[in-house]
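The values are calculated or read from the model by the stated rules, or taken from the named source; none is laboratory data. Computed from a prediction, not measured in an experiment: that's the story for all the values here. FYI the Cβ positions are ideal-geometry reconstructions off the backbone, even for glycines, and counts take in every protein chain you see.
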């Protein structure tokens with residue numbers, strides 16, 4: 001608990017837990033893609049907790065053993081127990097603890113508890129998936145699934161891949177950048193295509209029935225593809241290139257970018273490297289922002305902390321985006337993850353750029369204290385209409401999403417109770433703010449068309 005019990009906190013928390021939610025960032029595809037689990041330790045360390053296991057000194061070989069559903073729990077337990085004790089107090093571990101309690105009815109991690117969990121794993125079916133989302137009161141979720149498994153952007157464009165009615169998909173911009181995608185553990189993960197080589201360029205062109213012979217033709221094809229995706233129901237863009245490059249996008253002369261792109265066209269065996277291809281990638285970013293302006297589609301961008309271990313967080317600081325945000329003033333930007341650990345930079349952008357909103361997706365479970373402080377400071381420093389309160393940021397693990405949301409509601413209630421108790425907000429105003437953060441703001445921003453939550457202060 002992030003707030004001492006008090007009548008004000010108890011009432012606000014009760015109100016916050018009744019609110020419906022628009023989940024502003026997931027990687028889910030739906031029940032048919034639900035991650036199967038057959039062994040309890042593997043089931044309980046999925047999602048992000050494995051990052052903390054690696055941070056605690058677990059080597060990749062040991063992690064793979066713990067994740068292997070075919071290795072018996074009895075064999076894993078002597079390895080897992082000391083690691084669990086080293087990492088059990090992190091917010092990622094709190095998600096595991098909540099799942100252990102809320103889904104499986106266990107109070108603490110033990111071998112006996114894990115055996116009882118194993119007896120219940122078979123109940124994770126489609127009905128379970130929907131029940132978890134319904135119980136969590138998640139009405140709509142935005143999902144970045146088309147550029148990663150189980151999504152398939154080409155099949156989506158062709159109408160072969162569809163998603164549940166509750167889903168709203170985003171267009172995966174990394175598919176159209178000049179980047180090698182890096183696995184956050186093994187550094188070998190790659191997107192299904194990108195503009196870094198001839199096959200990737202021509203695959204993108206094929207989605208618009210074009211054979212690409214110039215940079216201008218490539219950009220025309222991409223614009224056409226974006227239009228097709230919007231016609232199929234995409235509500236915006238998602239860009240997580242901060243994993244692979246700096247968010248500092250320069251304005252590149254067209255001729256310089258074209259010179260790099262022509263290397264691909266001159267020799268189909270060419271693969272563009274980094275940072276040599278940065279001028280081209282910079283130009284593509286700015287052009288994609290112009291493409292977002294035309295159909296009025298928001299752009300969701302990763303900022304700050306990245307999943308996995310190692311990597312360089314300084315390159316992901318949203319402050320690098322200032323020139324992009326200022327230039328593309330007619331584009332709406334949803335900056336996600338709270339720019340951890342650069343709180344001040346993110347609050348500055350939220351306060352001073354009308355086309356920026358602050359999205360707390362994922363933040364509540366890697367640093368809930370930072371999230372709590374940031375929510376309080378956001379109320380006093382920026383219009384509260386510019387905050388999106390929750391995004392689970394999981395693949396098809398609904399129980400993880402629900403546990404994350406439970407923590408998020410506690411963080412939100414705690415931050416608002418502080419503001420009420422210090423006299424900044426009235427109690428009914430606090431519940432107004434919570435309703436806006438969790439539902440009304442993203443509903444309006446993403447043009448989802450749902451009836452707004454009637455707020456108590458009106």
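I'm told residue 67 meets every condition in (1) in contact (Cβ under 8 Å) with a residue 40 or more places away in the chain; (2) closer than 20 Å to residue 397 by Cα; (3) touching a helix residue (DSSP H, G or I) at 6+ places or on another chain (Cβ under 7 Å) except one. Can you identify the failing condition by its number?
Only one criterion is unmet by residue 67, namely (1).
I need the helices (runs of 4 or more DSSP H) fully contained in region 67-148, keeping only those with at least 3 residues that are assigned by TED's automatic domain parsing to the domain that holds residue 435 and within 27 Å of the chain's Cα centre (by Cα). Break it down into steps so the answer makes sense when it comes.
Working: elements: 73-87, 91-102, 111-118, 126-135.
Because the criterion is at least 3 residues that are assigned by TED's automatic domain parsing to the domain that holds residue 435 and within 27 Å of the chain's Cα centre (by Cα), the helices (runs of 4 or more DSSP H) in region 67-148 that meet it are 126-135.
Of all residues in region 95-108, which are buried (at least 20 other Cβ atoms within 10 Å of the Cβ) and out of contact with any helix residue (DSSP H, G or I) (no Cβ under 6 Å at 6 or more places or on another chain)?
100, the sole residue that qualifies.
With the condition kept exactly as written, say whether any residue in region 292-300 is outside any loop (DSSP other than H, G, I, E, B), under 30 Å from residue 55 (Cα atoms) and in contact (Cβ under 8 Å) with a residue 40 or more places away in the chain. Step through it out loud before you land on a result.
At the first step, the residues of region 292-300 found to be outside any loop (DSSP other than H, G, I, E, B) are 292-293, 299-300.
In the following step, the residues that additionally are under 30 Å from residue 55 (Cα atoms) were identified as 300.
From what is left, the residues that are in contact (Cβ under 8 Å) with a residue 40 or more places away in the chain are 300.
The answer is yes, given that some residue of region 292-300 is outside any loop (DSSP other than H, G, I, E, B), under 30 Å from residue 55 (Cα atoms) and in contact (Cβ under 8 Å) with a residue 40 or more places away in the chain.
Within region 295-305, track down each residue that is at pLDDT below 95 and over 16 Å from residue 173 (Cβ atoms).
296
Would you confirm whether any residue within region 161-172 is assigned to a helix (DSSP H, G or I), farther than 19 Å from residue 289 by Cβ and in contact (Cβ under 8 Å) with a residue 60 or more places away in the chain? First the steps, then the outcome.
Looking only at region 161-172, we keep the residues that are assigned to a helix (DSSP H, G or I), and these are none.
Looking through region 161-172, none of the residues is assigned to a helix (DSSP H, G or I), farther than 19 Å from residue 289 by Cβ and in contact (Cβ under 8 Å) with a residue 60 or more places away in the chain.
Go through region 388-402 and count every residue that is within 12 Å of the chain's Cα centre (by Cα) and part of a loop (DSSP other than H, G, I, E, B).
So the answer is 6.
Residues 347, 369, 363: which one is in the same structural domain as residue 324 (by TED's automatic domain parsing), in contact (Cβ under 8 Å) with a residue 12 or more places away in the chain and out of contact with any helix residue (DSSP H, G or I) (no Cβ under 8 Å at 6 or more places or on another chain)?
Values: 347 fails: out of contact with any helix residue (DSSP H, G or I) (no Cβ under 8 Å at 6 or more places or on another chain); 363 fails: out of contact with any helix residue (DSSP H, G or I) (no Cβ under 8 Å at 6 or more places or on another chain).
Among 347, 369, 363, only 369 is in the same structural domain as residue 324 (by TED's automatic domain parsing), in contact (Cβ under 8 Å) with a residue 12 or more places away in the chain and out of contact with any helix residue (DSSP H, G or I) (no Cβ under 8 Å at 6 or more places or on another chain).
Residue-by-condition table, conditions (1) surrounded by 20 or more Cβ atoms within 10 Å (Cβ to Cβ); (2) under 29 Å from residue 73 (Cα atoms); (3) out of contact with any strand residue (DSSP E or B) (no Cβ under 7 Å at 6 or more places or on another chain); (4) not assigned by TED's automatic domain parsing to the domain that holds residue 143:
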position: 7; (1), (2), (3), (4): no, no, yes, yes
position: 10; (1), (2), (3), (4): no, no, yes, yes
position: 14; (1), (2), (3), (4): no, no, yes, yes
position: 18; (1), (2), (3), (4): no, no, yes, yes
position: 21; (1), (2), (3), (4): yes, no, no, yes
position: 25; (1), (2), (3), (4): yes, no, no, yes
position: 32; (1), (2), (3), (4): no, yes, yes, yes
position: 45; (1), (2), (3), (4): yes, yes, yes, yes
position: 48; (1), (2), (3), (4): yes, yes, yes, yes
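Given 431, 425, 419, 405, which one is more than 24 Å from the chain's Cα centre (by Cα), assigned by TED's automatic domain parsing to the domain that holds residue 307 and either under 30 Å from residue 123 (Cα atoms) or in a loop (DSSP other than H, G, I, E, B) (or both)? Before the answer, list the steps.
Working: 431 fails: either under 30 Å from residue 123 (Cα atoms) or in a loop (DSSP other than H, G, I, E, B) (or both); 419 fails: either under 30 Å from residue 123 (Cα atoms) or in a loop (DSSP other than H, G, I, E, B) (or both); 405 fails: more than 24 Å from the chain's Cα centre (by Cα).
After ruling out the rest, the residue left standing is 425.
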